[in-house]
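J.: Mind looking over this structure? Questions follow.
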Amino acid sequence: MTTATATATATAQPTASAASPKVATGRKVHRALDETKPLLRVSDLAVSFDNGGGSGPRIQAVDGVRMCVYPRQTLAVVGESGCGKSVTAMSLLHLIPRPPGRWDRGEAWFHTDDGPRDLLPFAESDIRRIRGNEIAMIFQEPMTSLNPVYTIGDQIIEAILLHQNVSPAEAAEIAVESMNSVRIPDPRPRLKAYPHQFSGGMRQRVMIAMALACQPKLLLADEPTTALDVTVQAQILELLRALQRERQMSIMLITHDLGVVAENADVVCVMYAGRVVEYANVFELFENPMHPYTRGLFASIPRVGEKRERLVTIADVIDNEKNFRTLPGAEKGVRPWWPWHEPPKDLKPKRGPAGDYYLQEVKPDHWVGVWRTEEVKDHESRPPDLSYRIADDPSRA
Ligand SMILES: Nc1ncnc2c1ncn2[C@@H]1O[C@H](COP(=O)(O)OP(=O)(O)O)[C@@H](O)[C@H]1O
Ligand SMILES: [Mg+2]
């Protein structure tokens, strides 16, 4: 506990200025965070897209998503392509184009420097003070996020000048420090390089340097290593872990790769078809997956030394009705939510959107998306909220 308190106080100190002897006055210093409270709490988020000029039904990209991210924590959001991971993250920073996108409902409370605020109703001018400053985002393909006609230095410096009250010369210093911190060798001359002169891994380092130059409290990392080859991927993830430790930063790590989850997550949020189907700490999730979709994800990973006729697919698991009757409470009618099944006969949907679904704490600190059947028709369990961090767990550290 004492170490946690000590490190929490260190949060107020930006790493860059701590490392440099001269502390520039205009540099941004975020307020220290209460480690016992979530930094971000998303409740009942729903976002839809217009499907062809307002004629057809809207595409409900996410529907009732809930999750929490605590200070210093890595929350992995995992699920197949199209399940709503990016839409969830991008909605927080108002990066969804509207139209065709539309924020339907929900809240996203974030501990801003001005105190806790729901980001979703923010005006563009207000979210701009959060975006890139208190919350930064990195994407899968750095080439699409870097502008090919400007130097690396110009782009990092611009990001710094946008949020910190410093001179261009000071911003250049911060840019060098930031490139140093992401282990880009010999950064000063590299400020003058163009994105195409960097390898994929180096470009991703530049993106991270840019994202972290303003010491964000939360980094949204959307498949940050998917476009990179395996060794570079491992280096970038190692770098993110090191930066997280140095800066006491929170990370929402979006991935479809369970290997990445295993090595990096404290807590895991499994999504399917725009909803959360499972939520638990990483050890609980790997040791005791409960939703058939999560089990399918695990079953589909080939294991060294295991001979199989063919790989088990997710379909093999979810097509087997038996797998839907193994949840705690199954004998009383608790059934995992799954959009491609006939809903259970005793479905008792609540009025309103996503009323057929409910994220139930099936055992302490472990949630599964279930149908709102007779058994749970009036339940309101604790929303998913886990402060778990491996770094603080004496049994795992
Ligand atoms: N700009 C858009 N226009 C229409 N539909 C979109 C748009 N962006 C995302 N969607 C839809 O939202 C759903 C979730 O997408 P996304 O969050 O990008 O998935 P992923 O989990 O792969 O990141 C998908 O079904 C996709 O078709
Ligand atoms: Mg995505």
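J.: Which value, in debye to the nearest 20, gives the size of the charge dipole of the range 172-315 about its Cα centre, when Lys and Arg are +1 and Asp and Glu are -1 at the Cβ?
T.: The dipole of the range 172-315 has a size of about 280 debye.
J.: Roughly how many debye, to the nearest 20, is the charge dipole of the range 60-169 about its Cα centre, given +1 on each Lys and Arg Cβ, -1 on each Asp and Glu Cβ, and no other charges?
T.: It comes to approximately 160 debye.
J.: Put +1 on the Cβ of each Lys and Arg and -1 on the Cβ of each Asp and Glu in the chain; which of 343, 121, 153 then has its Cα farthest toward the positive end of the dipole?
T.: Farthest along the dipole direction, towards plus: 153.
J.: Modelled label-to-label distance, residue 50 and residue 118, 7 Å Cα→beta-carbon offset: nm?
T.: For the pair residue 50/residue 118, the computed spacing is 2.5 nm.
J.: For the chain, set up a Gaussian network in which alpha carbons nearer than 10 Å are linked by springs, and say which option among 315, 46, 209 fluctuates the most.
T.: Looking only at 315, 46, 209, the largest GNM fluctuation is found for 315.
J.: Say each of residue 183 and residue 263 gets a label point 7 Å from the Cα, pointing the same way as Cα to Cβ; how far apart are those two points in nm?
T.: Between residue 183 and residue 263, the label points sit 1.2 nm apart.
J.: Which of 186, 392 comes first, and how do the rest follow, when ranked by fewest Cβ neighbours within 10 Å?
T.: Least crowded to most crowded, the residues run 186, 392.
J.: Something else: What does DSSP give for the range 213-301 in terms of the percent of beta bridges that are antiparallel, rounded to the nearest 5?
T.: Here the share of antiparallel DSSP bridges comes out near 55 percent.
J.: Could you line up 149, 65 from fewest to most neighbouring Cβ atoms inside 10 Å?
T.: Result, fewest neighbours first: 149, 65.
J.: Is there a quick way to get the dipole size of the range 302-390? I mean about its Cα centre, with the Cβ of Lys and Arg at +1 and of Asp and Glu at -1; what is the value in debye to the nearest 20?
T.: Taking the Cα centre of the range 302-390 as origin, the dipole is about 140 debye.
J.: Moving on. Say the dipole of the chain comes from +1 at the beta carbon of Lys and Arg and -1 at that of Asp and Glu; which of 219, 328, 77 then lies farthest toward its positive end?
T.: 219
J.: If I stretch the segment between residue 102 and residue 316 completely, what's the gain in nm (0.36 nm per residue apart, minus their alpha carbon distance), one decimal?
T.: Contour length minus Cα-Cα distance gives 73.5 nm.
J.: Moving on. Tell me the mean residue ellipticity at 222 nm calculated for the chain from its helices only (DSSP H runs of n ≥ 4, each -39500 (n - 2.57), averaged over every residue, nearest 500).
T.: Rounded to the nearest 500, it is -8500 deg cm²/dmol.
J.: In a GNM of the chain with a 10 Å cut-off on Cα contacts, which of 217, 345, 37 has the highest mean-square fluctuation?
T.: Between 217, 345, 37, it is 345 that shows the largest mean-square fluctuation.
J.: Over the chain, what relative contact order in percent results from Cα pairs under 8 Å that are six or more residues apart?
T.: Averaging sequence separation for qualifying contacts and normalising by length gives 18 percent for the chain.
J.: Continuing with this model, one more query. Which lysines, if any, have their Cα less than 22 Å from the Cα of residue 332, not counting same-chain residues under 8 positions apart?
T.: Result set, ordered by chain and number: 322, 345, 348, 350, 363, 377.
J.: Have a look at 45, 136, 91 and report the one farthest towards the positive end of the charge dipole of the chain, computed about the Cα centre with Cβ charges (Lys/Arg +1, Asp/Glu -1).
T.: Looking along the dipole axis, the top candidate is 136.
J.: Which order, highest average first, do 299-310, 269-280 follow once you tally other Cβ atoms within 10 Å for each residue and take the mean per peptide?
T.: Per-residue Cβ counts within 10 Å, averaged per peptide and sorted highest first, yield 269-280, 299-310.
J.: Which whole-number percent is the relative contact order of the range 302-390 (Cα, under 8 Å, 6+ apart)?
T.: With pairs under 8 Å counted, the relative contact order is 24 percent.
J.: Hey, another quick one. What order do you get for 226, 326, 112 when you list them from fewest to most C-beta neighbours inside 10 Å?
T.: So the ranking, lowest neighbour count to highest, is 326, 226, 112.
J.: Further question: Roughly speaking, what is the centre-to-centre gap between the range 341-377 and the range 167-242 when only Cα atoms are used, to the nearest Å?
T.: Cα centres, the range 341-377 to the range 167-242: 43 Å.
Each reported figure results from applying straightforward, stated rules to the coordinates on display, with no laboratory input. For clarity, every value in this text was computed on a predicted model and none was experimentally measured. Virtual Cβ from ideal backbone geometry, glycine too; neighbours counted across all protein chains shown.
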